[in-house]
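K.L.:
Quick one: this structure, given as structure tokens, is what I'll be asking you about.
Nothing in this text is a laboratory measurement; each read-out follows from the coordinates by a stated rule. For clarity, every value in this text was computed on a predicted model and none was experimentally measured. Positions of Cβ are backbone-derived with ideal geometry, glycine not excepted, and every protein chain shown enters the neighbour counts.
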Amino acid sequence: MKEIFDTDSEASFEPLISGMIDEGFGSADDFLPPWVVAGLRTNLLHARDTDLMHPAGIGRKFDFQKNTLVRGDEILWLEKDTKDPFEQAFFERVEQFIQYLNRSCYTGINDYEFHYAYYEPGSFYKRHLDQFKSNRARKFSLVTYLNEDWRPDHGGRLSLYLKEGEKEVLPLGGRAVFFKSDEIEHEVHPSAARYRLSIAGWLKSV
Ligand code: OGA
Ligand code: MN
């Protein structure tokens with residue numbers, strides 16, 4: 001099978017990794033090409049239209065009241081054996097990134113998990129860490145955005161709480177953000193009058 005992403009496209013991995021090492025997080029605007037972003041966005045909206053998404057949980061027991069105070073996104077996990085060409089392209093890109101990361105940083109990542117996320121206008125995810133206390137398999141967080149033409153006044157920014165202070169990232173389509181799951185606290189602010197689409201996931205050592 002011919003691969004979609006050649007070695008030139010590994011250039012955008014460098015700012016993700018060096019940012020993570022030097023600053024606490026890295027971001028790259030061309031992690032995914034526009035045709036993959038558009039296909040994944042269509043998938044996500046179709047999943048929502050056909051009621052496949054469900055409220056995201058926190059912790060082990062799902063308590064809707066308590067939960068919605070912390071996060072309001074709806075999610076759908078991606079399946080590794082997907083037949084969808086855009087999800088296959090996404091996973092090919094993720095695996096290329098993992099190989100690059102393991103080669104350059106000896107990180108020993110050997111598994112991953114990703115879900116689509118849909119934030120209604122007004123919904124948010126309060127300040128948190130991504131690693132569970134009960135399970136430390138999640139080593140790195142990798143969030144990719146699927147929004148078209150996002151502007152600062154649309155809200156929905158990601159705040160990362162670093163030693164040096166707060167850094168902000170807008171959820172622009174094709175952009176990825178990368179950081180250590182057990183170290184970097186972060187928060188999704190409410191978006192204004194439009195929904196906010198992403199794929200959030202974790203690189204794991206199991
Ligand atoms: C998460 C998360 C960040 C974002 O899903 O755990 O923090 O910008 N997402 O969507
Ligand atoms: Mn998170």
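K.L.:
Among the numbered conditions (1) more than 17 Å from the chain's Cα centre (by Cα); (2) surrounded by fewer than 15 Cβ atoms within 10 Å (Cβ to Cβ), tell me where K126 comes up short.
P.N.:
(1)
K.L.:
Restricting attention to the stretch 43-67, report how many residues are under 18 Å from L197 (Cα atoms) and free of Cβ contacts under 8 Å to residues at least 40 places away in the same chain.
P.N.:
Counting residues in the stretch 43-67 that are under 18 Å from L197 (Cα atoms) and free of Cβ contacts under 8 Å to residues at least 40 places away in the same chain gives 8.
K.L.:
Related question: May I ask you to list the residues in the stretch 153-195 that are surrounded by fewer than 17 Cβ atoms within 10 Å (Cβ to Cβ), touching a Gly at 6+ places or on another chain (Cβ under 6 Å) and of a type in the set (A, V, I, L, M)?
P.N.:
L162, A192
K.L.:
Among the residues of the stretch 69-92, count how many are out of contact with any strand residue (DSSP E or B) (no Cβ under 8 Å at 6 or more places or on another chain) and farther than 18 Å from L44 by Cα.
P.N.:
Adding up the residues that qualify gives 1.
K.L.:
Among the residues of the stretch 166-175, count how many are within 9 Å of ligand 1 (Cβ to nearest atom) and touching a residue at least 60 places away in the same chain (Cβ under 8 Å). It would help to see each step written out before you state the result.
P.N.:
Here is the first cut: in the stretch 166-175, the ones within 9 Å of ligand 1 (Cβ to nearest atom) are 169, 171.
Of the ones still in play, those that are also touching a residue at least 60 places away in the same chain (Cβ under 8 Å) are 169.
Summing the residues that are within 9 Å of ligand 1 (Cβ to nearest atom) and touching a residue at least 60 places away in the same chain (Cβ under 8 Å) in the stretch 166-175 gives 1.
K.L.:
Are any residues in the stretch 162-175 within 17 Å of the chain's Cα centre (by Cα) and over 22 Å from Y116 (Cβ atoms), and if so, which ones? Quick ask: steps written out before the conclusion?
P.N.:
In the first step, residues of the stretch 162-175 are kept if they are within 17 Å of the chain's Cα centre (by Cα); the result is 167-175.
Those that are within 17 Å of the chain's Cα centre (by Cα) and over 22 Å from Y116 (Cβ atoms): K167, E168.
One line per residue, one yes/no per condition, for (1) within 13 Å of ligand 1 (Cβ to nearest atom); (2) within 14 Å of Y125 (Cβ to Cβ); (3) within 12 Å of the chain's Cα centre (by Cα):
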| residue | (1), (2), (3) |
| --- | --- |
| V177 | yes, yes, yes |
| E185 | yes, yes, no |
| P190 | yes, yes, no |
| R194 | no, no, no |
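K.L.:
Moving on. Go through the stretch 1-22 and give me each residue that's within 14 Å of V94 (Cα to Cα), of a type in the set (D, E, K, R) and assigned to a loop (DSSP other than H, G, I, E, B).
P.N.:
Those that are within 14 Å of V94 (Cα to Cα), of a type in the set (D, E, K, R) and assigned to a loop (DSSP other than H, G, I, E, B): E3, D6.
K.L.:
I would also like to ask the following. For the stretch 196-206, how many residues are within 12 Å of the chain's Cα centre (by Cα), of a type in the set (A, V, I, L, M) and either away from ligand 2 (no atom under 14 Å from the Cβ) or surrounded by fewer than 21 Cβ atoms within 10 Å (Cβ to Cβ) (or both)?
P.N.:
The qualifying residues number 1.
K.L.:
Within the stretch 25-37, count every residue that is within 16 Å of the chain's Cα centre (by Cα) and either on the phi > 0 side of the Ramachandran plot or surrounded by fewer than 18 Cβ atoms within 10 Å (Cβ to Cβ) (or both).
P.N.:
First, pick out the residues of the stretch 25-37 that are within 16 Å of the chain's Cα centre (by Cα): 25-33, 36-37.
Checking the rest, the ones that are also either on the phi > 0 side of the Ramachandran plot or surrounded by fewer than 18 Cβ atoms within 10 Å (Cβ to Cβ) (or both) come to 29-30, 33.
Matching residues across the stretch 25-37 total 3.
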